[in-house]
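Notes follow the structure.
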Amino acid sequence: MALVAPPGWPRGVRPPDAPDWERTAADWLLDQCPPDYRRYAGLRRHVVVLARFAVLHVEASQAACRRGMSEARADLREVATDAVVEAAVQTFQLEDARLLRLRREVGLVEEALRGRRYVARL
């Protein structure tokens with residue numbers, strides 16, 4: 001059986017069932033989380049739990065980014081020029097796109113850790 005990773009699978013993680021794939025998943029997931037998560041031995045021992053933590057962290061970051069984007073013009077107009085405010089909005093938009101991709105990646109890894117496998121389509 002060929003090892004298959006779906007579209008959107010993170011580059012730093014080996015495909016499900018490849019040798020040592022769960023270690024690469026854990027290392028990559030920890031890179032996506034706050035540094036303090038590395039202190040918790042249970043997260044490394046239970047990689048599917050780490051994946052859940054990562055999903056929730058990314059979703060919280062998405063919510064914060066979207067809030068920042070929606071409030072930027074009103075919150076910053078008295079302390080920054082229009083050009084700076086627009087640059088901040090564009091930065092929020094870039095970060096929102098990055099987080100959208102990251103959410104897909106951590107979700108795919110979580111699904112694979114829970115047992116989902118993918119097949120190649122012709």
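The values are calculated or read from the model by the stated rules, or taken from the named source; none is laboratory data. Only a predicted model underlies this, so the values are computations on that prediction, with no experimental measurement involved. Here Cβ is always computed from backbone atoms with ideal geometry, including for glycine, and neighbour counts include all displayed protein chains. With ligands, DNA and RNA removed, areas are computed over all heavy atoms of the protein, side chains included. Shrake-Rupley method; radii C 1.70, N 1.55, O 1.52, S 1.80 Å.
Assorted remarks:
- For the criterion of being crowded, with 16+ Cβ neighbours inside 10 Å and either polar (S, T, N, Q) or touching a Leu at 6+ places or on another chain (Cβ under 6 Å) (or both), Ser61 passes.
- Of note, Thr81 satisfies the criterion of being more than 26 Å from Val106 (Cβ to Cβ) and among the hydroxyl-bearing types (Ser, Thr, Tyr).
- A count restricted to the range 1-29 and to residues that are among the hydrophobic types (A, V, I, L, M, F, W, C) and in contact with a helix residue (DSSP H, G or I) (Cβ under 6 Å, 6 or more places away or on another chain) stands at 5.
- Pairs, first farther than 13 Å from Arg98 by Cβ and among the acidic types (Asp, Glu) in the range 53-70, second part of a helix (DSSP H, G or I) and open to solvent by less than 60 Å² (accessible area, probe 1.4 Å), C-beta under 7 Å, six or more apart: none
- The set of residues in the range 1-55 being over 17 Å from Gly115 (Cβ atoms), open to solvent by 40 Å² or more (accessible area, probe 1.4 Å), within 16 Å of the chain's Cα centre (by Cα) and of a type in the set (A, V, I, L, M, F, W, C) consists of Phe53 alone.
- Filtered residues of the range 14-32 (kept if of a type in the set (A, V, I, L, M, F, W, C) and either over 16 Å from Leu108 (Cβ atoms) or touching a strand residue (DSSP E or B) at 6+ places or on another chain (Cβ under 6 Å) (or both)): Leu30
Residues checked against (1) modelled with pLDDT under 95; (2) within 18 Å of Cys33 (Cβ to Cβ); (3) among the basic types (Lys, Arg):
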| residue | (1), (2), (3) |
| --- | --- |
| Val84 | no, no, no |
| Glu95 | no, yes, no |
| Arg98 | no, yes, yes |
| Leu102 | no, yes, no |
| Val106 | no, yes, no |
| Ala112 | no, yes, no |
| Arg117 | yes, no, yes |
| Arg121 | yes, no, yes |
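- In the range 66-96, the residue that is surrounded by the most Cβ atoms within 10 Å (Cβ to Cβ) out of those that are among the hydroxyl-bearing types (Ser, Thr, Tyr) and not in a loop (DSSP other than H, G, I, E, B) is Thr91.
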